[in-house]
Each structure stands twice: as structure tokens, then as C-alpha cells.
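The values are calculated or read from the model by the stated rules, or taken from the named source; none is laboratory data. A quick note: this is a predicted structure, and the numbers were derived from the prediction, not measured. Here the Cβ positions follow ideal geometry from the backbone for every residue, glycine too, while neighbour counts run over all protein chains shown.
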Amino acid sequence: MPVPYTAPLADMRFVLSRLLGIADMETADAVLEEAAKIAGEVFAPLNEIGDRQGVKFENGKITMPPGFRDAYQAFVAGGWNGLPVAEEHGGQGLPWLLAIAVQEMMQAANIGLALCGLLNQGAIELLSVHGDDRLKQKFLPKLVEGAWAGTMNLTEPQAGSDVGAVKSKAVKEGDHYRITGQKIFISYGDHDLTENILHLVLARLPAAAEGTRGLSLFLVPKILVNDDGSLGKANDVRAVSIEHKLGQHVSPTCVMTYGDNGGAEGYLVGQEGGGIAAMFTMMNNARISVGVQGLALMERAYQQARDFAKTRVQSRPIENPKAAPVTIIHHPDVRRMLLSMKAHNEAARALAYTCALAVDEAKQENSAAALRVDLLTPIVKGWLTDLANEMTSTGVQIFGGMGYIEETGAAQHMRDARILAIYEGTNGIQANDLVFRKLGRDNGAAFGVLIGEVENFVAATKQKNREALADAVGAAKDSAAWLLQNVKSNPALAAAAAAPFLRLCGNMLGGYYLLRMAELAQDDLAAGNGGADFLKGKIISADFFAAHVLPQNAALAETVKSGGGPVLAMSEAMF
Ligand SMILES: Cc1cc2nc3c(=O)[nH]c(=O)nc-3n(C[C@H](O)[C@H](O)[C@H](O)COP(=O)(O)OP(=O)(O)OC[C@H]3O[C@@H](n4cnc5c(N)ncnc54)[C@H](O)[C@@H]3O)c2cc1C
């Protein structure tokens, strides 16, 4: 029996209309409801099939399992692929905020399939911002439509986190370049969902500088495109194998070879030597989306664990040992786990959607919003994907032994989630980005603006949990001040504290949004707007977070300040 998925529309709407104050809820509702249908009815029923069957690689060709092409076609036929893309490029011109909400649903329903659309959106963004008119005219319409897919090609055997170690080569030849080299771990590097695939590839020109400064970015189509837009001959690029993985079995992870027969034809995107800056447009977009993948799996795991906890009967209630055995949702420890999942989901959703709103504002030349996006991106990616690992594991725990058995589907979410903390820049890299670039670069200015916003809320609210949030903000300020003293003078000590700092920032923001939502829910309850159980549940989520999570920030701040010592004291030989 496929595990159902029901989009959490009530909470999505609450975040959009109440927390973020979106005026046009009519459009938002229409989009959310339609997306919920395709996620629940088309993507979700294939999730387990994709996990069990995986992709096939035979005679150099990759085949998706039955049903996946139709599901992808339904997705693109509905215009979902181009939802946030400007109308001038053939998209629907809707906000990223809605695109992110839609993405949450698709990723929750079938993360392995939805990853294709995630990459397409990043590729579209990259090409719209950095492509010249010729490239845009030739490639964007089909990419936006979803008839062609996009990929990102950074990783090579010796170049993972260290992108500057990329060795793939590019040589200029007339109006194009010849690309040679090998890329590994390329998601959707080949598949049969679309008639063509556009690879965005980092490579190095002859005599280019060492490191990331010497990288340029190229668009390399799987099949060459004639000037009239028709498909021509196959390019000199192919997938040579696929990886066998812990999770996301249906997303083909490919080893790609470029230039077995003299060099793949590629077209420069942006400037020579400007590759990493251009690729970062796609990467930043994808980092937020990968955070949303984390949110999506947490939600999916929560729904399953909740439904199971309401039906599994085991043990008598602790407060009445003579009563008949009860469903496990009556046991306080199971409730604690479920509530932890619920509260973290709601915090994660609020953070991800707030960041998406800032993306839309940044596109309107709002420089404060652009700084906010920069600051939030590593937190969205790092915090939400760490949580996805923890919460999908909690989901398995709620199932007991049945969670460990594949047929319930709980284990799949945990396996699918594991990669989220690794790809698109590991969470260690996100933590470094937060500390050294986002905090250190402007000496804490953008971070200070964020802290100020939370402090203003604490000062104004009458929320009963305001003290817990005030303490959590104090811990964040304290540890940020310590980091700022050390980022330059003792970078290794600061780097050893980066991950606990990222966690602390996530906790603080999660608490901030949950408390704000609890306040709004209280108002709605008093005014009789909305379902009472839903609104009371929002208030309890904030209470839970204030009691169980926010107090951790004081300890995390201590770890930030004193945790690096032992880490650096261990020599290699002592391990
Ligand atoms: C399923 C899957 C799909 C992927 N899809 C794509 C894709 O589509 N395109 C693409 O280009 N790549 C893709 N990747 C590659 C992925 O982005 C890399 O695996 C990831 O960036 C980490 O690189 P690495 O595996 O070489 O690990 P390494 O860089 O070797 O890292 C190993 C460990 O060392 C840590 N580390 C390394 N350097 C530092 C540092 N400076 N500071 C602190 N810690 C550090 C890391 O955090 C990690 O814990 C994919 C990988 C997988 C497994």
C-alpha cells in the first residue's frame, strides 16, 4: 500500500497569510490546492516504487521506473516547472514564495523525482541571470517548459568541498568551447524524462588561475541544438555509470565523461573566469531548495508517525495501569516525539518561507532583503537538513520495530534524508559560510539587524515564552561576539565552533517564528477565526519549543566559546 501524503495546507496558509501577511491569498490558495493534488495523487503513489525499483542503467542508457515519465509530464504540463520564472522567459511570473511552498509538496511526495524539477529551477535562474541573449533564446524556453532538464556539474573525484580543485578543461574553438574531463555524483546526469539535458559545467581554460578564480562555466547540451531550435546530433558527453546509494534510489547519480571523442561542445555562461560567481546563482538557489527538501521529509515522516501512533495499541496508560491497553499516542514519550516533529516542522516551514519572501524582495532591488537571504541561506540549508536527519529518525522511533522494516515506508524517509546534509555543500561547509562569510565579512552587521528584529519582538510581546526567547537571543549575541573576536585571529578555533553556532541560530529563529505564530494564533482564537484545534496546536508548538529546544541555546553558546580547545588539542596521531 503506497503511503499517502496530504499537503499541510492549513499550516502553509497560516504562514503565508498570518506570519508573512501575503495580501493575494486567492492566487496562493489556488496554486497550493492544485499543487497539493498533483503531489498527493501523482507524485506520492510512486514514491515507494521509485525506492524499490530505482533507475536502470543498461547499454549506456538510463531508464526511470514505470510511471515516472507520466508523472513528470503531468508536472510540466501543469506549468509547475516555470512557476517562479519571469513571463518574458515563458514562466508564470509567480513569487518564489509560492514556488518554495509548491516545492515542499513535491519533495515531500516524491523527493527522488522532484529533485529533477529542483535542478531545473536552479538552471533556469542561472541562465536567466548570466546567459547572453543568444543562449537565453536558444535554451531557456524549453528549459522553462520542462521539455529539457538542467544539471549542475561541479564535483570531480579530487574536487568535492574544494571546488577550486576542479580539473575539467575547456578550450576555445570558434564561437564555442570544447570541454573534456570527468564529473562524478551528477544528479540527473542522464535519464529519459526529457528529450534533452543541459549540463552546467565548471571547467578551466588554458592558463587559467589556480583555485576557484580560474573556473569558467559552460552550458553543454546532451544533444546539440540547431539554430532553428530542432535537435541535432549527440554531443560528446555521456553517463558512464550510476551510483548505488543509501536513499533517493530513483534519482540517477551519474559519473559523467566529457570529451571521449575530442571534446564536448559547450557555450560560455557569463565571463571567462567568472564561473564560480555564476554557479553560485544556481547553488544559492539550490541550497534553499535543499533546505526545503529537509522540511518536506520532516513533514512526510511526521504524517506517517502520527497516523501510526493513533492506531498502534500497546501498553496500558501510565496513569491508570488497570485500564485497557491504549494506542501509543497516549504515552507521554510518544507524544513528546510527535510534538518535537510537529514543532520543528512548523519552525522550519516559517524559516524557509520567510527566506523565500526575502528572495522575492531582493529581486525588487531591495538590498536589505538580499543581505537577509545571504545570511539565512546557510541556516536554511544546514539547520533544516540536520533536523531532517533527526526528525525522520524520530519518525522511525515512533514506529518501533516496524519503523526499521522497509514495508512501512518510515525508513525510506530517513534514508532519503541522509544526503541532504551532504550535497549542495556539506553542513560543515554551510557552518563555515555562516561564520566566516555571512557573520565575519561585514563584522556582524547583517546578523545584528536580524538580532535587532528578534529583540524588538521580545520587547513588544506579552507572549508567555518571551523570557525563553530572550535568553536564546542573548546566547546568540554572546556567541556571535566571541566568534567575531576570533574569526581573524584564530580561525581554527572559530571553525571548530561553527556547527554549534549554526544550530544555535536555527533554534533562535525557530523559536522567534513559533512565538510570533503563537501570538497570531491567540488573536485568531479570540476572534473565532480558524479551527480551534489547529490554533491551539500552534500555541502548544511554541510552548514545546520554548521548554525543550530554546534552553539548549545557553549550552550551545558555552560550547561555541569553549568547545574548540579540546577539538584542536587532539593531534592526528592521538585519534
Ligand atoms: C547523491 C549525491 C548527489 C550529488 N549531486 C551532485 C550534483 O548534482 N552535482 C555536483 O556537482 N555534485 C553533486 N554531489 C556531490 C556533493 O555535492 C559532494 O559529495 C559534497 O559537496 C561533498 O564533497 P565530497 O563528497 O568530495 O566530500 P569531501 O569534500 O571530501 O568532504 C568530506 C568531509 O570533510 C569535510 N570537509 C571538507 N572540506 C572541509 C572544510 N574546508 N572545512 C570543514 N570541513 C570540510 C566535509 O564537511 C565532509 O564531512 C552529489 C553527491 C551525492 C552523494
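Listed values, structure above:
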{"read-out": "Unmet criterion (only one of (1) farther than 25 Å from Val560 by Cα; (2) surrounded by fewer than 18 Cβ atoms within 10 Å (Cβ to Cβ); (3) aliphatic (A, V, I, L, M)) for Leu484", "value": "(1)"}
{"read-out": "Top-ranked residue in the range 146-201 [being more than 15 Å from the ligand (Cβ to nearest atom), in a loop (DSSP other than H, G, I, E, B) and surrounded by fewer than 18 Cβ atoms within 10 Å (Cβ to Cβ); ranked as farthest from the chain's Cα centre (by Cα)]", "value": "Gly174"}
{"read-out": "Filtered residues of the range 117-145 (kept if under 13 Å from Val269 (Cα atoms) and surrounded by fewer than 16 Cβ atoms within 10 Å (Cβ to Cβ))", "value": "Val129, Asp132, Asp133, Arg134"}
{"read-out": "Residues being within 25 Å of the chain's Cα centre (by Cα) and within 11 Å of Ala309 (Cα to Cα) - total across the range 398-411", "value": "1"}
{"read-out": "Total residues in the range 540-572, condition assigned to a helix (DSSP H, G or I), within 14 Å of Ala492 (Cα to Cα) and over 28 Å from the mean Cα position of the chain (by Cα)", "value": "8"}
{"read-out": "Members of the range 180-206 found to be farther than 30 Å from Val76 by Cα and β-branched (Val, Ile, Thr), listed by number", "value": "Thr180"}
{"read-out": "Number of positions in the range 243-278 that are more than 23 Å from Leu113 (Cα to Cα) and within 11 Å of the ligand (Cβ to nearest atom)", "value": "0"}
{"read-out": "Search result, residues across the range 142-189 that are among the hydrophobic types (A, V, I, L, M, F, W, C) and under 28 Å from Ser230 (Cβ atoms)", "value": "Leu143, Val144, Ala147, Trp148, Ala149, Met152, Ala170, Val171, Ile179, Ile186"}
{"read-out": "Filter result for the condition that a residue is loosely packed, with under 15 Cβ neighbours inside 10 Å, over 16 Å from His249 (Cβ atoms), of a type in the set (Lys, Arg) and at pLDDT 95 or above, over Lys56, Lys37", "value": "Lys37"}
{"read-out": "Leading residue by the ranking (surrounded by the most Cβ atoms within 10 Å (Cβ to Cβ)) among those in the range 285-311 that are closer than 15 Å to Ala348 by Cβ and among the basic types (Lys, Arg)", "value": "Arg300"}
{"read-out": "Test: Lys438 is basic (Lys, Arg), in a helix (DSSP H, G or I), crowded, with 24+ Cβ neighbours inside 10 Å and touching a residue at least 24 places away in the same chain (Cβ under 8 Å)", "value": "no"}
{"read-out": "Any chance Asp236 is surrounded by 19 or more Cβ atoms within 10 Å (Cβ to Cβ), among the charged types (D, E, K, R) and away from the ligand (no atom under 11 Å from the Cβ)", "value": "yes"}
{"read-out": "Hits in the range 413-441 (condition: within 12 Å of the ligand (Cβ to nearest atom), over 30 Å from Asn110 (Cβ atoms) and hydrophobic (A, V, I, L, M, F, W, C))", "value": "Val435, Phe436"}
{"read-out": "Any helices (runs of 4 or more DSSP H) falling wholly within the range 363-431 and containing at least 3 residues that are touching a residue at least 24 places away in the same chain (Cβ under 8 Å)", "value": "367-399, 410-418"}
{"read-out": "Members of the range 1-28 that are closer than 18 Å to Phe534 by Cα and outside any loop (DSSP other than H, G, I, E, B)", "value": "Leu9, Ala10, Asp11, Met12, Arg13, Phe14, Val15, Leu16, Ser17, Arg18, Leu19"}
{"read-out": "Asn110 closer than 23 Å to Val240 by Cα, away from the ligand (no atom under 11 Å from the Cβ) and in contact with a helix residue (DSSP H, G or I) (Cβ under 6 Å, 6 or more places away or on another chain)", "value": "no"}
{"read-out": "Criterion (buried (at least 16 other Cβ atoms within 10 Å of the Cβ) and within 27 Å of Val373 (Cβ to Cβ)) met by exactly one of Asn427, Asn456", "value": "Asn427"}
{"read-out": "Within the range 315-335, tally of residues that are exposed (fewer than 14 other Cβ atoms within 10 Å of the Cβ) and in a helix (DSSP H, G or I)", "value": "2"}
